[in-house]
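Working notes for the structure below.
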Amino acid sequence: MSDQTVTATPATPDATTKKRRFASRAPQRPALAVIAVATTGSVLALLALVGLGALLDQVWLIPPLAASAALVFGAPALPLAQPRSVIGGQLLSALTGFAVLAVAGDSAWAAATAGGLALGVMALGRTPHSPAAATAVIVVAQEPSAIPFLPVLAGATVVLVVVGILVGRTGVTPRYPTYWW
């Protein structure tokens, strides 16, 4: 028998293992400069929509566009944030909402159906943009007139993308977009 002693491995994890298990796996926080520029860009883009709406006496800021701005400015490299998805996803989802509204009316059931169908339509169009599903719901629930809603929605999404491009050229935040089409 050797002079070395053998120690049994404890049945319960030690403190180091427990800490690792509960340690955050979330990405690191961006630099404060990146957060400041992205937040400023988002605020400016949304204020531009409010300003255009006031100037043209038409609502340009609908809630899903704030979520779109969060993607464009907060996660500019994601496929969901690319111009194709922001503009195309919003428009396809709005069209889906109008189609469901025409067939099923303005019930909560129809709004839920439109929101769900928007996912499939965006997937078929290769324009994934999660905030746009809410646009389909809004179309069914609020019953806006397709004209001017669709042109305003297109214009509003273009504003978000243009401001996103400008912010992405500051050199502080990641470059936007990573692709167009």
State which stretch of the chain is the longest one without any exposed trypsin sites (Lys or Arg not before Pro), exposure meaning a DSSP loop state and at most 11 other Cβ atoms within 10 Å. 26-168
Charge tally in the Cβ shell below 14 Å around residue 179, where Lys, Arg are +1 and Asp, Glu are -1, residue 179 excluded: +3
Axial C-alpha extent at least 15 Å, average Kyte-Doolittle at least 0.0 - helices from the chain (DSSP): 32-56, 63-74, 83-104, 108-124, 131-142, 146-168
Select from 40, 170, 157 the residue whose mean-square fluctuation is largest in a Gaussian network model of the chain (Cα-Cα springs shorter than 10 Å). 170
Using alpha carbon centroids, what distance separates the range 51-115 and the range 121-178, in Å? 6
Given (1) 66; (2) 31; (3) 48 as candidate values of percent of Cα pairs over 24 Å apart, which corresponds to the one derived from the coordinates? (3)
Extreme residue, positive dipole direction of the chain, given options 102, 181, 139 (C-beta unit charges): 181
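None of the figures in this text is laboratory data; all of them are computed from the coordinates on show. Since we're looking at a predicted model, the values are computed, not measured. As a convention, Cβ positions derive from the backbone with ideal geometry for all residues, glycine included, and neighbour counts pool all protein chains shown.
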